[in-house]
Amino acid sequence: MPLLQNEKRAYVDALNIRFKHHGATAVLQAGLNDPNVGRIAMVSSFGAESVALLHLVAMVDPMTPVLFIDTRLLFTETLIYQSDISERLGLKNTRILRASQIELDTHDPYGALRFSNPDACCDLRKTQVLNAALRGFDGWITGRKRFQGSTRAALDFFEYDQATDLIKINPLAHWTRDDVITYMDENRLPRHPLVARGYPSIGCHPCTSAVTDGEDPRAGRWRGTSKTECGIHITANGVLRATKSGEHA
């Protein structure tokens with residue numbers, strides 16, 4: 001039986017002590033099989049590095065719900081990649097999430113919200129959609145890693161998010177960028193096709209551009225604005241948990 005709210009933080013602390021010296025697979029198995037953690041889903045953008053964690057999840061339990069948010073503004077290449085990877089890895093429970101047409105007609109009838117208020121566009125098409133889907137779960141698996149920026153430098157395998165009352169599981173928290181690349185190479189996992197075209201971080205088509213040598217990998221996200229995140233990783237006080245340095249979930 002999942003823990004009550006006031007029990008979760010202590011249990012998460014205990015899990016981090018227990019799995020301090022374990023690897024990603026052991027963390028995944030614990031998160032997916034521990035009745036105290038509860039019902040768990042994976043959230044994936046099917047972006048540049050996502051296939052590594054998707055492969056691990058497929059090996060541990062291919063029936064794990066995998067939540068993919070189609071903002072209706074994604075690259076065609078991402079939609080094709082998502083379908084191909086789900087089939088290739090044998091993921092049996094991939095769920096494609098979208099904002100309802102009623103919500104879009106009400107709040108973004110001309111599809112121009114991304115120009116006037118990109119934060120509101122992300123909230124409408126991504127954050128609200130994910131929050132609604134996660135109401136059926138007690139926690140979720142993310143692909144965040146410590147190397148992705150100063151705000152993630154102390155990232156643990158397990159987190160309790162008071163804002164949502166959900167447990168976050170970060171199996172790759174201790175992986176380096178080289179670890180990710182090596183894992184993908186050793187398992188012959190296909191790259192997102194846009195990576196070879198200069199897109200090391202991939203979001204919606206209108207808000208993502210290619211980067212040049214020497215630029216930060218996320219320099220192409222919301223280029224020319226102060227925006228750095230879509231908003232799905234927030235703390236209890238609403239502060240975003242990431243910098244320009246890494247993929248989302």
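Any read-out appearing in this document is the output of simple, stated calculations on the displayed coordinates, not a laboratory observation. Note that the structure is predicted; figures quoted are calculated from it, not measured. Neighbour counts run over all protein chains shown; Cβ positions are idealised from the backbone, glycine included.
Quick notes on this structure:
- For the stretch 193-202, the candidate set comprises residues that are surrounded by 13 or more Cβ atoms within 10 Å (Cβ to Cβ) and out of contact with any His (no Cβ under 8 Å at 6 or more places or on another chain); within that set, the residue that is nearest to L113 (Cα to Cα) is S201.
- Residues of the stretch 183-216 that are touching a residue at least 60 places away in the same chain (Cβ under 8 Å) and out of contact with any strand residue (DSSP E or B) (no Cβ under 9 Å at 6 or more places or on another chain): Y183, M184, N187, L189, P190, R191, H192, P193, V195, P200, P206.
Listed here are the residues, each with its yes/no results for (1) under 22 Å from L172 (Cα atoms); (2) among the acidic types (D, E); (3) surrounded by fewer than 19 Cβ atoms within 10 Å (Cβ to Cβ).
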site: P65; (1), (2), (3): yes, no, no
site: T76; (1), (2), (3): no, no, yes
site: I85; (1), (2), (3): yes, no, no
site: R98; (1), (2), (3): no, no, yes
site: Q101; (1), (2), (3): no, no, yes
site: L104; (1), (2), (3): no, no, yes
site: S116; (1), (2), (3): no, no, yes
site: D119; (1), (2), (3): no, yes, yes
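- Answer from A58, A48 - the residue that is in contact with a His (Cβ under 9 Å, 6 or more places away or on another chain), small (G, A, S) and within 18 Å of L89 (Cα to Cα): A48
- Enumeration of residues in the stretch 178-192 that are surrounded by fewer than 15 Cβ atoms within 10 Å (Cβ to Cβ) and not acidic (D, E): I181, T182, N187, R188, P190, R191
- V66 meets the conditions (1) in contact with a strand residue (DSSP E or B) (Cβ under 9 Å, 6 or more places away or on another chain); (2) of a type outside the set (G, A, S); (3) within 17 Å of C204 (Cα to Cα) in every case but one. The failed one is (3).
- Close pairs (8 angstrom Cβ cut-off, 6 or more residues apart or separate chains): closer than 15 Å to P65 by Cα in the stretch 82-101, surrounded by 14 or more Cβ atoms within 10 Å (Cβ to Cβ) and among the charged types (D, E, K, R) anywhere: I96/D70; L97/D70
- Residue match in the stretch 135-149 (condition: surrounded by fewer than 20 Cβ atoms within 10 Å (Cβ to Cβ), of a type in the set (K, R) and over 17 Å from A48 (Cβ atoms)): yes
- Per the listing A48, A41, the residue uniquely within 16 Å of the chain's Cα centre (by Cα), over 18 Å from L194 (Cα atoms) and small (G, A, S) is A41.
To keep it simple, each residue is scored yes or no on (1) outside any helix (DSSP H, G or I); (2) in contact (Cβ under 8 Å) with a residue 40 or more places away in the chain; (3) among the small types (G, A, S); (4) closer than 22 Å to M184 by Cα.
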| position | (1), (2), (3), (4) |
| --- | --- |
| S45 | yes, yes, yes, yes |
| L54 | no, no, no, yes |
| F68 | yes, no, no, yes |
| E77 | no, yes, no, yes |
| P109 | yes, no, no, no |
| N131 | no, no, no, no |
